[in-house]
Structure formats: structure tokens, C-alpha cells
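Beneath this line is the structure, given in C-alpha cells, with notes to follow.
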Amino acid sequence: MAADAGDQLVAEAFKALGHPIRVRLLREIAEHQLCVSALQEGLEQTQSNVSQHLSVLRRCRLVVPERLGNRTCYHLAGDWVAEVLRIAAEGLGVKLDPLPAVARARARVAGARR
């Protein structure tokens, strides 16, 4: 029996969660809507790398982009995304704390806007 479109989409979403950087991106975006620059600086990744990972998450409907002037910021597609991460971590006995590097970058970016 062939997989239907719903099965395929769910499989692709779980496949997208199979990379640690994408999990880290989702964890941070779950806290606040963030722009690529804050994510790039906080995760110490290139803009290209962060954008490629966000593109995968966007195609799988896990994040939603929003243009704010000349920047693109991202938020989760819904609370269910954070809940999936929380349930997975809980089931595995892992505590996922916010990443301090991204929090510092977020504060710097917010300060630069003032």
C-alpha cells in the first residue's frame, strides 16, 4: 500500500527534525519570533547555512516566515511544533534549555533597533 500525501508530509517533518541544528533553530524560535541574523549569530552558523535549514523547516510547514522591512523573521507554524519537541525530549529523558548564545544575540539585535 502506498503512503498518502498526509503520511508523506508527516514523514518529511520528522525527517527535518533529524538534524541537530534544525532542532536548535526550532527551540529558539519557540521562545520568540527571530530573524535570520539573530539565529546566525547565536548559533555561530553562516547566514547561508541557517537559511538552508530554515528552508527545510519551512517546506515541512514547521516554521512560517514573516518579512519585517528588509529582514525575514520566523515563528513556529503552531504551538504543536514546540509540543512535539517537548514530548520527544521528555520521552527521551532530556531537558532542553534555551540556548544562551541565541538569547545574547537576540538582545544585541533588539538593542541595535532602538
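No value in this document is a laboratory result; all are computed from the given coordinates. Just so we're clear, the structure is a prediction, and the values are computed from it rather than from any experiment. Virtual Cβ from ideal backbone geometry, glycine too; neighbours counted across all protein chains shown.
At-a-glance table
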{"read-out": "Single residue of 11, 30, 38, 3 found to be assigned to a loop (DSSP other than H, G, I, E, B) and not basic (Lys, Arg)", "value": "3"}
{"read-out": "Output for segment 59-81, where each listed residue is surrounded by 16 or more Cβ atoms within 10 Å (Cβ to Cβ) and assigned to a helix (DSSP H, G or I)", "value": "81"}
